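The values are calculated or read from the model by the stated rules, or taken from the named source; none is laboratory data. Everything numeric in this text was worked out from a predicted model, so none of it was measured. Here Cβ is always computed from backbone atoms with ideal geometry, including for glycine, and neighbour counts include all displayed protein chains. Just so you know, the surface numbers come from the protein's heavy atoms only, side chains and all, with ligands and any DNA or RNA stripped out. Shrake-Rupley method; radii C 1.70, N 1.55, O 1.52, S 1.80 Å.
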Amino acid sequence: MTVLRSLLQRVAVLGTGLAVIAVAVLPDPSRPVLVAAALALAACVVAAAIRRPLAGTVALAATTVTVLLAGALDASSVRPAQVVLAAGLLMALLSALAAAEEGRAAGRAVTVTRSRWPQRLAPVLVAMTAGAIVAVTGAQDVVPSVPLVLAGLTAAVAALAVAASAHRTGRRRE
Amino acid sequence: MDLDPIRLDFVPTPRLRRLAMVAGLAVAMAVVTSHGELLVVAVVPLVLLVGVPRSDVPAAAEVSVSMSTARCIEGDEVELVLTVRADGCDQVQAEPVAPPWSELTYLGTSREGRATVARWTLVPGRWGRHRVGPVRLRVHAGGGAYLARAAVEIGDLVVYPAAAALARAVAPTELAAPLGEHPSRSVGSGVEFAGVRPYAQGDRQRDVDWRVSARHGDLFVRQYAAERAFDLVLVLDTELDAGEPGRSSLDLTVRAATGLVQTYLRSHDRVGLVTFGGPLRWLTPATGPRQLYRVTEALMSVRPDRSELEAGPVGYGLGHLPRGLLPHRAFVALITPLLDDGPLDAVRVMLERGFAPLVIDVLTAAPTVPPKSKDAALAVRTWRMQREALTLELGSLGVAVLDWDGEAELTGGLVHAMRAARPGGRP
């Protein structure tokens, strides 16, 4: 049972990794994207094989860079939809990596309690919806201007700062 | 059930750092390449990060762990019960640390109000005082972004040795101690019929055997065998322990001793105990439940602890045993794996003191020989020959050797061996 579970976890890492890379590189990949995809695939194989956090982080970083590189180098009309799908698959890859590493670290531990699946799935659905809204908004025909680009980038950096502050490990009030 | 609060010190997991990394990479790439659509990749992890802030992670959980019993016998089932109430946590994983040579089986969980109860069955496979636990908990919160580890202590489990199978307490026919339950050869006031003899003045009327008297035309009275007690002294060789844990020579030694002690104390015999090889310890023969408790406690401490192992051989052999310890005509049983000359010296000491011991050989394991290793094969052959030589030497001293594999019933072997060995004297 444990062996089967471990095998399934490895297959999940490889499968989601392959899916992200496939969505990122298709339909017409350039050479840098192909090189990044090959490196990402190799990193995913290593991460699935050894199930160590460092290997998982490298695999996720390589896969993310592949998606971003493909998005930056290919300006086709289907690219925004591909980026949304790839973002969702990246989260799936992140979960698969976490499950595989957890399976290795937990050893013979059994799960005593677990929150219900709607509770676990709700944040991901909200995040995917937000991503889709941003993608749809970004695909609108708007006359590009320097202030608009600056506003968008400032909003992104601000969102990053807010997200980081939400997880600051300072002394909390009891 | 009362639950005790435990503090949860959550630390970020790789998932949290990875979400931040994906968002950071996407924002950086969007800024560097001026491709705003790449920000979509950052949105998903950013929403997830904001959705489960650090402040939502709970600071404590309520836990209790219990064990169905603190004392058991080898092979008994002990139930471990873990009750957890972890509001605000995503997942709780638990792993009880089982003592060595025991089997732990997860039974499942059930809900009791707002708490979850998990159950395991623990089957200890080796006697001794074992520490059970702690239960290691892994608590996930914040959508898997935070992990806390905690350990909850369970307690100690005293595992008593399983007793060797003995159908009844057999004893030699020549017994010395009065007031027991074993019929002896001498005539006395027991209940077992021993024969008839002509009536003599002073005999009780109720002892007259009227059927025999009518047949012979003269009065005859029935005689009964005297019932005597049996003094058993168990001498345990604890110097060497060989074999797989749970069936090692020391395990079998203790199980054989436990079976003998329980059976003979139940028959109101007196039982004493001597251990040599490690520290020389003894218990003078006595009877009753208190002696059973004393002997059991003594048996539980025959396995050398760390300090005794570090101290090395103590050097006190059986020769240092007080002379008055062994009662006159006591029956001595030496339980040993026969792995060195220690048992032979012990037998010689016993013979010098006028006791002919019965040797119970408890070694069931043999060294494993690596394939194609001629030297190892030769060493094992030499070892086997040494053991055979030791057994032959014991035989030449007139000492009976009984092989016991830990499974067989001991009574038959004891009956046979006691014919060869007389208590309190040379065979």
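Among the protein heavy atoms, those of B:Y199 account for about 90 Å² of accessible surface (1.4 Å probe, every chain in place). Peptide B:80-86 has a mean of 1 when you count, residue by residue, the C-beta atoms of other protein chains within 10 Å of its C-beta. Taking every residue in B:97-107 and counting other chain Cβ atoms within 10 Å of its Cβ, the average works out to 1. Taking chain B as a Gaussian network of alpha-carbon nodes connected by springs under 10 Å, the highest mean-square fluctuation of the residues B:E409, B:E74, B:E308 belongs to B:E308. By definition, a body whose alpha carbon gyration tensor gives a ≥ b ≥ c is oblate when a/c is 1.5 or more and a/b is not larger than b/c, and region B:354-406 fits this oblate description.
Rounded to the nearest 10 square angstrom, A:E101 shows an accessible area of 20 square angstrom against a 1.4 Å probe.
Note on surface exposure: A:I21, B:I73 rank B:I73, A:I21 by accessible area, highest first, 1.4 Å probe. Per-residue ellipticity at 222 nm, computed for the protein assembly as shown from helices alone with -39500 (n - 2.57) per DSSP H run of at least four residues, works out to -14500 deg cm²/dmol.
Rounded to whole numbers, the Karplus 3J(HN,Hα) couplings from phi for region B:268-284 are 6, 8, 9, 10, x, 9, 9, 10, 9, x, x, x, 6, 10, 8, 10, 5 Hz, using 6.51 cos²θ - 1.76 cosθ + 1.60 with θ = phi - 60°, and x at Gly and Pro. Counting heavy atoms of the protein chains alone, B:E77 has an accessible area of about 140 Å² for a 1.4 Å probe. Placing unit charges on the Cβ atoms only, positive for Lys and Arg and negative for Asp and Glu, gives the protein assembly as shown a dipole magnitude near 600 debye about its Cα centre.
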